[in-house]
Amino acid sequence: MAKKDVPGLEPRGFRWVIAGRLAVSERIGGSGFQHRRVRREEEIAWLTEQGINTILTLLPAGQNAVAYDEAEFRVIVHPVDGSPSDIGDTAPIFAAIDEALGVHDASVLLHRDTIDETVAGLLAGYLVYSGLVDDPIIATSVIQEILRRPLGPEGRSLIPIR
């Protein structure tokens with residue numbers, strides 16, 4: 001549970017995709033052997049300071065959901081397993097992002113274990129799906145700039161063509 005006396009710590013890979021509305025990071029508290037309860041509390045405190053009030057987790061089984069509930073975040077669990085080629089239909093994922101952002105004053109953090117091809121491709125795809133960006137090439141460029149990493153062919157396969 002995030003407490004006022006817990007110092008805030010920025011989650012790994014944190015970036016705003018839509019300023020003040022949609023952010024992305026790696027799993028809160030780290031993943032696998034690196035996951036630490038204290039780190040999770042510090043990162044939750046930092047997210048609260050940034051105005052994040054909703055977590056959209058792409059992790060299976062809603063990992064960390066109890067901690068998010070205790071911190072009074074709205075939590076949406078939409079598990080995404082595997083690589084981009086395992087996803088198939090992206091519309092339900094984009095709808096989950098719309099649902100998260102659809103609440104008045106929602107400030108959403110989307111996360112998975114790491115910011116990989118899948119996450120980057122879904123974010124670029126969402127920019128096109130939502131109409132925020134019309135051109136898939138521009139959406140790719142925008143996400144590459146935001147995440148400071150290239151988006152390969154697998155990630156690009158998640159971007160709808162308009």
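Residues in the range 80-91 carry Karplus couplings, in order, of 10, 9, x, 8, x, 5, 8, 6, x, 7, 8, 3 Hz; the curve used is 6.51 cos²θ - 1.76 cosθ + 1.60 with θ = phi - 60°, and Gly or Pro positions show x.
Would you report the distance distribution of C-alpha pairs in the chain as whole percents per 10 angstrom bin, up to the bin with the largest distance? Distribution as computed: 11, 43, 34, 11, 1 percent. Put a dot 7 Å past the Cα of D135, heading toward its Cβ, do the same for E70, and the two dots end up 4.8 nm apart. Sorting I97, I44 from the fewest to the most surrounding beta carbons within 10 angstrom yields I97, I44.
On the basis of the beta-carbon distance and an R0 of 35 Å, D86 and R39 show a calculated FRET efficiency of 0.75.
Order 82-89, 49-56, 141-148, 116-123 from most to least packed using the mean count of other Cβ atoms within 10 Å. Don't skip to the answer; put the middle values down first.
Numbers: 82-89: 12.6, 49-56: 18.2, 141-148: 16.1, 116-123: 23.5.
Going by the mean number of other Cβ atoms within 10 Å, highest first, we get 116-123, 49-56, 141-148, 82-89.
Bear in mind that the values in this text are calculations on the coordinates, not laboratory data. All of these numbers come straight from a predicted model, not from anything done at the bench. Quick reminder, even Gly has a Cβ in these numbers, built from the backbone with ideal geometry, and neighbours come from all protein chains shown.
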